[in-house]
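Engineer: Quick one: structure below, then a few questions.
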Amino acid sequence: CFSPELIHLYDLKGRIVVVVDILRATSSMVTGLAHGLEKIVPVSNLDECKSYSQQGYLTAAERDGKMALDFDFGNSPFSYMADLVKNRTLAMTTTNGTRAIRLSAEADKVVVGAFLNLSSVAAYLQEQQKDVLIVCAGWKGKFNLEDTLFAGALAHKLQDSFESENDATLASWHLYETATNDLAGFLSKASHVQRLKNLDIHKDITFCLQQDVYDIVPIMEGDFLVPYIP
Ligand code: MLT
């Protein structure tokens, strides 16, 4: 599914949804939980996110790639490596990624994927033996390359155990085949890479394209994203 706007076309009952927003929401979520965040509550708007600070939550907000004013964090994964996050809870709102998670709530399970935890997500899905829908956060309802490459990479990981009813998966599989040896090069002209570079954000891109840095599977439990421990 190349856009959260299309989620309503799918029956999520009985399915696992993997939400991906490589640059940078799900990469930051995986990083924060791997570095000790206790849980993350993805919220849709800035006011709701801000209100969590009164309950002792750390707060993170990004709009159009930029950190929103008066929040603890923006959306750089490097912010989530600080000791400050250990054993803390985080309320987070981003342009696309948190919205995609909220829109997937009807699924049996909602899992957060990134290149950073690709193999852990693949292993989890193979354990669960359920139908999977990969929801690419994209950009404001539009297709993007990096999330689609993740979908192709995950399809590759699952290739011995998946049949796809959707040519989108097959397309993402082939796209990943083409890009796999040089993701950064393949994405050099991608819209959000250009957007971030125009904001002088470079190292986040390199970091978010690394594979299997963390062995963690964030999964939604109620309103909260927590690390799944097998
Ligand atoms: C998103 O939600 O689309 C991303 O988080 C945007 C970003 O962090 O640059």
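The values are calculated or read from the model by the stated rules, or taken from the named source; none is laboratory data. Predicted model, so just to flag it, every value in this text is computed and none were measured. Cβ placement follows ideal geometry from the backbone for every residue including glycine, while neighbour counts extend to all protein chains displayed. In case anyone asks, the SASA skips ligands and DNA or RNA and just uses the protein heavy atoms, side chains included. Shrake-Rupley method; radii C 1.70, N 1.55, O 1.52, S 1.80 Å.
Engineer: Quick one: count up the residues across the stretch 76-109 that are open to solvent by 10 Å² or more (accessible area, probe 1.4 Å), closer than 24 Å to Asp47 by Cβ and not in a helix (DSSP H, G or I).
Structural biologist: Within the stretch 76-109, residues that are open to solvent by 10 Å² or more (accessible area, probe 1.4 Å), closer than 24 Å to Asp47 by Cβ and not in a helix (DSSP H, G or I) number 6.
Engineer: Under 8 Å between Cβ atoms, at least 6 apart or on separate chains: pull out the pairs that start in the stretch 186-199 with a residue that is in contact (Cβ under 8 Å) with a residue 60 or more places away in the chain and end on any residue that is away from the ligand (no atom under 11 Å from the Cβ) and among the hydrophobic types (A, V, I, L, M, F, W, C).
Structural biologist: Here the result reads Val193/Leu187, each pair linking the stretch 186-199 to a residue that is away from the ligand (no atom under 11 Å from the Cβ) and among the hydrophobic types (A, V, I, L, M, F, W, C).
Engineer: Do the conditions hold for Phe71, that is, is it aromatic (Phe, Trp, Tyr), crowded, with 16+ Cβ neighbours inside 10 Å and either within 15 Å of the ligand (Cβ to nearest atom) or at pLDDT below 95 (or both)?
Structural biologist: yes
Engineer: Another question about this same structure. Need a quick list: helices (runs of 4 or more DSSP H) entirely within the stretch 155-230 having at least 1 residues that are of a type outside the set (Gly, Ala, Ser), within 30 Å of Arg88 (Cβ to Cβ) and open to solvent by 70 Å² or more (accessible area, probe 1.4 Å).
Structural biologist: Helices (runs of 4 or more DSSP H) meeting the threshold: 203-208.
Engineer: Restricting the search to the stretch 121-154, which residues are open to solvent by 70 Å² or more (accessible area, probe 1.4 Å) and not in a helix (DSSP H, G or I)?
Structural biologist: Gln129, Lys130, Asp131, Lys140, Lys142, Phe143
Engineer: Any residue at all in the stretch 41-53 that is of a type in the set (Phe, Trp, Tyr) and modelled with pLDDT under 95?
Structural biologist: In the first step, residues of the stretch 41-53 are kept if they are of a type in the set (Phe, Trp, Tyr); the result is 52.
Pick out the ones that are also modelled with pLDDT under 95 and you get none.
No: the stretch 41-53 contains no residue that is of a type in the set (Phe, Trp, Tyr) and modelled with pLDDT under 95.
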